[in-house]
Amino acid sequence: MNYVNVTTFLRNLAVQRKVQTLRMSFAVHENVKNYYGSRLETSDDLQTNAACVMPSRPLPKSACEALKQVHPDVCKRYFGCGLVIPEKLEGCTVLDLGSGSGRDCYVLSKLVGERGRVIGLDMTDEMIVASQKYVQYHQEKFGYSKPNTVFVKGYMEKLSDAGIQNNSLDVVVSNCVICLCPDKRTVISEAYKVLKEGGELYYSDMYASEVVPDSFKEDPVLWGEGMAGALYWRDLITLMNDKGFSTPHLVAGSHIVVHNPEIRRKTGDVKYASGTYRIFKLPQNSIKTRALVTYKGTVPDCAECFEFDASHSFKTNAPVEVGAEMAAILQNTRFSTDFNITMLDTPDTDQSSTPQYCHLSPFLLADKLGSSVKQCSKTGH
């Protein structure tokens, strides 16, 4: 086979794979639309408790207060799997991928304040209509002169088609939705494009203990519950780095316990966990050296200690040495004014040619916390 034939073969193979991906995406989208748009009326209708798991760390006080003000009908159709309320959101522009009933959007609406803006994106007509019904209710509840929340129909893989501009967002969140999408590389790439430099992707999703077999992807219930599309947690790290993001930082993790015996039979030895990660779009030319950082105690709800993730906790006025990437995050994001930062000349011993990343496993974190193994009754989340 000569060079021309090899090139033609590879080009044709790439086209075939793209067509297969598009066909699969269309089929999965239609199944998920049906599953969440018309089949599920409330969280009680879920066939498993896979999308019904409590976070392994508590909500901040301000988020709890905001959640209490969300309309009960909005909360009733909530299908999330974790915690997607990052700190220090006042004045931010936030996009919620797969906004569903709008519960998280309305909590975020309160936290970003009247100067901030929240965009909820969903591909189902039913969810868009349901969430839009309560825009005025929450505007008045929060005492705003005008709404700061909008809901748009669209796909996570095509954010520009939904009117989301590149480099326009401070934060992108998502709550147990990316596992419902077959083309995760495109979703992550789109999130990177729309974030400003220094912006954050903060999301909770369902993860698998191993690579999910292709046979799972043929089952509509496993897709609808997020289990067929769950990413092997180690693949998340490679995916984020490939798309230009920082290394993911694990915030919370909980085991997912499936009570439905038929679903347990189908999934076999594959285990599932809910994991919440925060990932940043850092400047390409950011300085890569270790640093001595001192937290000022200025992040809202975190006067004494800022728990950045499960591995990094910053006590107020207590200097601590951090690795190069963490130093870059604290220096180039919305948290830059909350730390005194002194760059160091010492080499970054956190870097390794063969990093293990065990501290990023939601399964190990759930095991470590013990009591974080959460289940849900059929009365909700």
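The values are calculated or read from the model by the stated rules, or taken from the named source; none is laboratory data. Predicted model only: the values in this text are computed from it and were never measured. No Cβ is skipped: glycine too gets one built from the backbone with ideal geometry, and neighbour counts run over all protein chains shown. Accessible surface areas use protein heavy atoms only, side chains included; no ligands, DNA or RNA. Shrake-Rupley method; radii C 1.70, N 1.55, O 1.52, S 1.80 Å.
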Subject >> Residue-wise HN-Hα coupling along the range 138-149, computed from phi with Karplus coefficients 6.51, -1.76, 1.60 (Hz; x: Gly, Pro) >> reply: 6, 4, 5, 4, 8, x, 8, 6, 8, x, 10, 10
Original post:
Amide H to amide H, which residues 5 or more places from Thr298 or on other chains are under 5 Å from it, using H placed in the peptide plane?
Top reply: none
**OP:** Straight distance only, please: which lysines reach the Cα of Lys133 with their own Cα at less than 16 Å, same-chain residues fewer than 8 apart left out?
**Re:** Lys76, Lys141, Lys146, Lys153
Original post:
Based on the Kirkwood radius over alpha-carbon pairs, what is the Stokes-Einstein translational diffusion coefficient of the range 236-321 at 25 °C with 0.890 mPa s viscosity, in µm²/s?
Top reply: 151
Original post:
Using modelled amide H (1.01 Å from N, peptide plane; none on Pro or chain starts), what sits under 5 Å from the amide H of Val118, excluding residues fewer than 5 places away?
Top reply: Val94, Thr149, Val150
Original post:
Using Cα-only point scatterers and the Debye equation, what is log10 of I(q)/I(0) for the range 289-350 at each q in 0.24, 0.29 Å⁻¹, rounded to two decimals?
Top reply: -0.99, -1.36
**OP:** With +1 on each Lys and Arg Cβ and -1 on each Asp and Glu Cβ, and nothing else charged, work out how big the dipole of the range 289-350 is about its Cα centre, in Debye to the nearest 20.
**Re:** 200
Original post:
How would Cys105, Cys305 rank on accessible area, largest to smallest, probe 1.4 Å?
Top reply: Cys305, Cys105
Subject >> Residue-by-residue Karplus 3J(HN,Hα) for the range 301-308, coefficients 6.51, -1.76, 1.60, Hz, glycine and proline x >> reply: 6, 10, 5, 9, 7, 10, 8, 5
**OP:** For the range 87-93, just list the computed ³J(HN,Hα) in residue order, Karplus coefficients 6.51, -1.76 and 1.60, θ = phi - 60°, integers in Hz, with x standing in for Gly and Pro.
**Re:** 7, 6, 9, 3, x, 7, 9
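Nearest 5 percent is fine: what portion of the DSSP beta bridges confined to the range 227-324 is antiparallel? Could the numbers behind the result be given before it?
Details: 13 of 14 bridges.
Of the beta bridges lying entirely in the range 227-324, close to 95 percent run antiparallel.
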Subject >> Amide H partners (placed H, <5 Å) of Val251, local residues excluded >> reply: Thr276, Tyr277, Arg278, Ala310
Subject >> Heavy-atom accessible area ranking, 1.4 Å probe, most first, across Ser274, Ser311, Ser209 >> reply: Ser311, Ser209, Ser274
Original post:
In the full protein assembly as shown, how much of Lys133 is accessible to a 1.4 Å probe, in Å² to the nearest 10?
Top reply: 140
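What translational diffusion coefficient, to the nearest whole µm²/s, does the range 158-309 have by Stokes-Einstein, given a Kirkwood radius computed over alpha-carbon pairs, a temperature of 4 °C and 1.567 mPa s viscosity? Please report the intermediate quantities before stating the final value.
On the way: Rh = 17.2 Å.
Value of D from the Cα-based Kirkwood radius: 75 µm²/s.
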Original post:
When only the heavy atoms of the protein chains count and the probe is 1.4 Å, how do Leu231, Leu250 rank by accessible area, highest first?
Top reply: Leu231, Leu250
Original post:
Per-residue accessible area for Arg334 at 1.4 Å probe radius, Å² rounded to 10?
Top reply: 40
Original post:
In square angstrom, rounded to the nearest 10, how much accessible surface does Val299 have for a 1.4 Å probe?
Top reply: 0
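On a 24 Å Cα-Cα criterion, which of the cross-link pairs Lys68/Lys88; Lys61/Lys184; Lys88/Lys368; Lys68/Lys184; Lys158/Lys196; Lys243/Lys296 come out too long? Working shown, then result.
Numbers: Lys68/Lys88 19 Å; Lys61/Lys184 33 Å; Lys88/Lys368 28 Å; Lys68/Lys184 33 Å; Lys158/Lys196 17 Å; Lys243/Lys296 32 Å.
Where the Cα-Cα span goes over 24 Å, the pairs concerned are Lys61/Lys184; Lys88/Lys368; Lys68/Lys184; Lys243/Lys296.
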